[in-house]
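K.L.:
Take a look at this one; I'll ask things after.
The values are calculated or read from the model by the stated rules, or taken from the named source; none is laboratory data. Keep in mind it's a predicted model, so treat the numbers as computed, not measured. Counting neighbours? That spans all protein chains shown, and the Cβs are built from the backbone with ideal geometry, glycine included. Areas reflect the complete protein model, heavy atoms only, side chains present, ligands, DNA and RNA absent. Shrake-Rupley method; radii C 1.70, N 1.55, O 1.52, S 1.80 Å.
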Amino acid sequence: MTRQGCELGMVGLGVMGRNLLLNIADHGYPVAGYDKDPDRVRALLEEAGPRPAGGATSVAEFAAMLRPPRAVMMLVPAGPAVDAVIRDLLPLLSPGDILIDGGNSFFRDTDLRAQTLAAHGIAFLGVGVSGGEHGARRGPSVMPGGPRQAYERVRPLFEAIAARVDGDPCVTYLGPGSAGHYVKMVHNGIEYGVMQLIAETYDLMRRGLGLSDDELHAAYDAWNRSEAASYLLEITADIFLRVDERTGRRLVDVILDAAKQKGTGMWTSQSAMELAQPVPTISAAVEMRSLSALDSERAAASRILRGPAPRIEAAREAFLPRLRSALYAAMLMTYAQGMALLGSASRAYGYGLDLEAIARIWRGGCIIRAALLERVRAAYRARPALPNLLVDPDLAEEIMARAADLRAVVCRAAEAAIPVPAFSATLAYLDGYRSAWLPANLIQAQRDYFGAHTYERVDTRGVFHTEWSREQ
Ligand code: 6PG
């Protein structure tokens, strides 16, 4: 057991913290773990075996195990727990030490914590870590932000533990302040969007076309071997095969249809609203999680609000390829919304984000890894200042070629009364973004009518107001 000279300390030995620590130790870095719960420390040391890992249940003992200047990483639930850990650690840290928050913290909290810690001479890195338990153990995608010099000190360690694609580690310095946590938040927003799109295809195939769980497995498995290949499709295909030990039924059929959320999707949507950058697919996904959670209200409403039977009036053989094509287009447009938001945030918050690099580090390890990221990457490599992936010449062709499929899916779903808010929102985003004219002139007229909010004209520069009401 390693007792001193550790290169990194890990606070929080839940599954993520423990797995990441073991991953670090696997790469030969001596690492110390700290958790108040002695059972967790014991479990870590048992699993670590001969690896260079130590464990402590007191902060003082933990701090003594670290080689100064110290680097400490926290993997605790976002929110008050992070501040509680910082309070406990602060008296034992010294100027020049680095504190790393590897959780899904809200980016504004990260900025505040960085300021407080900077006053004590401690550099704070906000680092997004994606890939779940397995990713943490075998290679996550890592999204670091904060003071560059501090990152340089821990860079070799992060590069060693990150997932690799074609030998390239899925980690890169992203920018100052909360850049890392912002990018992770948008990663999760995209995750929400794609998960909702896949859930909508499930609804269309299950209720709409009557596919069995085996047929659903086969469909997703085939899709995952197409251009839409992605981790989320891979696990979806797997899910339909799992049998419930208690009932012998497929597990997915005994899981309650009410989704939980921890906040990152909602923050993405809120931040996008603040920056006036539309992310309608992501927002629809957040809204649908909220609607799903109203499960008893929905059950009651289902007995009052009658509608058409949820049956798609189309042959399976004809509809399924269109659905796959629409899903691919909608996935691309979800990434496009997330990337456009990252561009806006980069300008507003001075992150200096390199969107090509972000697409590169998302290709492996993380939840939204997908074959399409190679195309996203290529688009930003060719045109770093691209305002939106939709106008990349290659992707524009791709989306135009599939737009009729997307339209057909949304039409069939509407006729069958199957809710597809993520698909509908994506189609409206496409049609809105490619409209040289939108009916916002009427909105301007209305605003000016009732509130003298003024408007601009198409034929002259300046700001105008009209006395609209004849009664004045
Ligand atoms: C990841 C995941 C991870 C977490 C989600 C779940 O990248 O590894 O995104 O961070 O599982 O945040 O979020 P919800 O509980 O909000 O669905």
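K.L.:
For Arg164, what charge total do you get from the other residues with a beta carbon under 13 Å from its beta carbon, if Lys and Arg give +1 and Asp and Glu give -1?
P.N.:
Once positives and negatives cancel, what remains is +1.
K.L.:
Then there is this: Residue by residue through segment 128-141, which ³J(HN,Hα) values in whole Hz follow from phi under the Karplus form 6.51 cos²θ - 1.76 cosθ + 1.60 (θ = phi - 60°), with glycine and proline marked x?
P.N.:
Calculated HN-Hα couplings, in order: x, 10, 10, x, x, 4, 5, x, 4, 6, 9, x, x, 8 Hz.
K.L.:
Would you work out which of Leu305, Ala315, Ala32 lies farthest towards the positive end of the dipole of the chain, given +1 charges on the beta-carbon of Lys and Arg and -1 on that of Asp and Glu, about the Cα centre?
P.N.:
Toward the positive end, the furthest listed residue is Ala32.
K.L.:
Can you pull the Rg over Rh of segment 229-307, Cα-only, Kirkwood?
P.N.:
On the way: Rg = 16.6 Å, Rh = 15.4 Å.
That ratio is 1.08, to two decimals.
K.L.:
OK, next. Tell me which residues come under 5 Å, amide H to amide H, from Ala228 once H is placed; ignore anything under 5 positions away on its chain.
P.N.:
none
K.L.:
May I pose another question? Got a sec to turn the phi values of segment 383-392 into Karplus ³J(HN,Hα) couplings, 6.51 cos²θ - 1.76 cosθ + 1.60 with θ = phi - 60°, whole Hz, x for Gly and Pro?
P.N.:
9, x, 9, 3, x, 7, 4, 4, 9, 5
K.L.:
Follow-up question, since we're still on this one. With an 8 Å cut-off on Cα pairs and a minimum separation of 6 or more residues, tell me the relative contact order of segment 1-110 in percent.
P.N.:
Working: 212 pairs, mean separation 32.7, N = 110.
Dividing the mean separation by the residue count of segment 1-110 yields 30 percent.
K.L.:
Still on this structure, I have one more. Would you check the accessible area of Tyr173, probe 1.4 Å, heavy atoms only, in square angstrom rounded to 10?
P.N.:
The value for Tyr173 is about 40 Å².
K.L.:
Same structure, new question: List the residues, sorted by chain then number, that are 5 or more residues from Cys6 or on another chain and whose placed amide H is less than 5 Å from its amide H.
P.N.:
Leu66, Arg67
K.L.:
Which percent of the accessible heavy-atom area of segment 1-155 goes to carbon and sulfur, probe 1.4 angstrom?
P.N.:
On the way: 3360 of 6330 Å².
On segment 1-155, the fraction of accessible area on carbon and sulfur atoms equals 53 percent.
K.L.:
Another question about this same structure. Run the dipole for the chain about the Cα centre, Lys and Arg Cβ at +1, Asp and Glu Cβ at -1, nothing else charged, and hand back the magnitude in debye, nearest 20.
P.N.:
On the way: 51 positive and 54 negative charges, 51 e Å.
In debye, rounded to 20, the chain gives about 240.
K.L.:
Right, next: Can you give the Rg to Rh ratio of the chain, both from alpha-carbon atoms, with Rh computed by the Kirkwood formula?
P.N.:
On the way: Rg = 24.9 Å, Rh = 24.4 Å.
With Rh from the inverse mean 1/r over Cα pairs, Rg/Rh is 1.02.
K.L.:
Looking at segment 244-283, which trypsin sites (Lys or Arg not before Pro) are in a loop (DSSP not H, G, I, E or B) and have at most 16 other Cβ atoms within 10 Å? List each step's numbers first, then the result.
P.N.:
On the way: sites: Arg246, Arg249, Arg250, Lys260, Lys262; in loops: Arg246, Arg249, Lys260, Lys262.
Counting only loop positions with at most 16 other Cβ atoms within 10 Å, the trypsin sites (Lys or Arg not before Pro) in segment 244-283 are Arg246, Arg249, Lys260, Lys262.
K.L.:
Another question, if that's okay. Please work out whether segment 331-472 counts as rounded, prolate or oblate from its C-alpha gyration tensor, where a ≥ b ≥ c are the square roots of the eigenvalues and a/c under 1.5 means rounded, while otherwise a/b larger than b/c means prolate and anything else oblate?
P.N.:
Values: a/c = 2.61, a/b = 1.55, b/c = 1.68.
Cα axes put segment 331-472 in the oblate bin.
K.L.:
From the P(r) of segment 100-172, could you give the percentage of C-alpha pairs in the tail past 15 Å?
P.N.:
Numbers: 1437 of 2628 pairs.
Considering segment 100-172, 55 percent of its Cα-Cα pairs are separated by more than 15 Å.
K.L.:
So, with +1 on the Cβ of K and R and -1 on the Cβ of D and E, and no other charges, what is the size of the charge dipole of segment 168-230 about its Cα centre, to the nearest 20 debye? Provide the component values of the computation, followed by the final result.
P.N.:
On the way: 4 positive and 9 negative charges, 52 e Å.
Here segment 168-230 has a charge dipole of around 240 debye.
K.L.:
Right, something else. Sorted by average packing, counted as other Cβ atoms within 10 angstrom per residue and highest first, what order do 357-365, 97-105, 67-75 take?
P.N.:
On the way: 357-365: 23.8, 97-105: 25.3, 67-75: 20.6.
In descending order of packing, they fall as 97-105, 357-365, 67-75.
K.L.:
What share of Cα pairs, in percent, lie more than 23 angstrom apart in segment 224-364? List each step's numbers first, then the result.
P.N.:
Numbers: 5619 of 9870 pairs.
Beyond 23 Å sits 57 percent of the P(r) for segment 224-364.
K.L.:
A further question on this structure: Give me the percent of accessible area attributable to carbon and sulfur for segment 333-379, probe 1.4 angstrom. Numbers along the way, then the final one.
P.N.:
Details: 540 of 1150 Å².
The C+S portion of the solvent-accessible surface of segment 333-379 is 47 percent.
K.L.:
Return the percentage of antiparallel bridges among DSSP beta bridges fully within the chain, rounded to the nearest 5 %. Mind showing how you got there, number by number?
P.N.:
On the way: 10 of 32 bridges.
Of all bridge pairs located within the chain, approximately 30 percent are antiparallel.
K.L.:
Positive end of the dipole of segment 1-45, charges at C-beta (+1 Lys, Arg; -1 Asp, Glu), about the Cα centre: which of Asn19, Val41, Leu8 has its Cα farthest in that direction?
P.N.:
Val41
K.L.:
Here's another thing I want to ask about it. On each of the three principal axes of the Cα atoms of segment 129-170, give max minus min coordinate, whole Å, ordered largest first.
P.N.:
Largest to smallest, the principal-axis extents are 29, 21, 12 Å.
K.L.:
Counting only heavy atoms of the protein chains, get the accessible area per residue of the chain (1.4 Å probe) and round it to a whole Å² value.
P.N.:
Details: 22000 Å² over 472 residues.
Ligands and nucleic acids excluded, the figure is 47 Å² per residue.
K.L.:
Counting pairs of alpha carbon atoms under 8 Å apart in space and at least six apart in sequence, what relative contact order in percent does the chain give? Walk me through the numbers on the way to the answer.
P.N.:
Working: 833 pairs, mean separation 60.0, N = 472.
Reported as a whole number, the value is 13 percent.
K.L.:
When the helix-only estimate is applied to the chain (DSSP H runs of n ≥ 4, each -39,500 (n - 2.57), divided by the residue count), what is the mean residue ellipticity at 222 nm, nearest 500 deg cm²/dmol? Intermediate values should be presented prior to the final figure.
P.N.:
Values: 19 runs with 250 residues, N = 472.
Helices in the chain give a 222 nm mean residue ellipticity of -17000 deg cm²/dmol.
K.L.:
Could you rank the peptides 371-377, 222-228, 143-149 by their average count of other C-beta atoms within 10 Å per residue, with the highest value first? Before the final figure, lay out the partial values.
P.N.:
Working: 371-377: 19.0, 222-228: 17.3, 143-149: 21.7.
The densest-packed peptide leads the list: 143-149, 371-377, 222-228.
K.L.:
Select from Gly210, Gly79, Ala414 the residue farthest towards the positive end of the dipole of the chain; place +1 on Cβ of Lys and Arg, -1 on Cβ of Asp and Glu, and compute about the Cα centre.
P.N.:
Final value for the positive-end residue is Gly79.
K.L.:
So what does log10 I(q)/I(0) come out to for segment 71-192 at q = 0.12, 0.16, 0.20, 0.23 Å⁻¹, using the Debye formula with one equal point on every Cα and no solvent?
P.N.:
With no solvent term, the Cα-only Debye profile gives -0.40, -0.71, -1.10, -1.42.
K.L.:
Segment 167-300: percent of C-alpha pairs farther apart than 26 Å?
P.N.:
Numbers: 3193 of 8911 pairs.
For segment 167-300, the share of Cα pairs beyond 26 Å comes to 36 percent.
K.L.:
For segment 63-190, what proportion of DSSP beta bridges, expressed in % and rounded to the nearest 5, is antiparallel?
P.N.:
Numbers: 7 of 17 bridges.
Rounded to the nearest five, the antiparallel share is 40 percent.
K.L.:
May I ask you to order 265-278, 309-322 by the average number of other C-beta atoms within 10 Å around their residues, highest value first? Provide the component values of the computation, followed by the final result.
P.N.:
On the way: 265-278: 18.7, 309-322: 13.9.
Order by mean packing, descending: 265-278, 309-322.
K.L.:
List, in order, the whole-Hz ³J(HN,Hα) value for each residue of segment 308-323 obtained from phi through the Karplus relation with A = 6.51, B = -1.76, C = 1.60 and θ = phi - 60°; use x for Gly and Pro.
P.N.:
Whole-Hz 3J(HN,Hα) from phi for segment 308-323: x, 5, x, 10, 7, 8, 7, 6, 3, 4, 7, 7, 4, x, 5, 5.
K.L.:
Continuing with this model, one more query. What does the net charge come to around Phe240 if you take all other residues with beta carbon closer than 11 Å to its beta carbon, with K and R at +1 and D and E at -1? Numbers along the way, then the final one.
P.N.:
On the way: positive: Arg206, Arg242, Arg250; negative: Asp213, Asp214, Glu215, Asp221, Asp238, Asp253.
Result for the local shell: -3.
K.L.:
Out of residues 5 or more away from Val11 or on other chains, whose amide H comes under 5 Å of its own, with H placed 1.01 Å from N in the peptide plane?
P.N.:
When sequence neighbours closer than 5 places are left aside, the close amide H contacts are Tyr34, Met73, Met74, Leu75.
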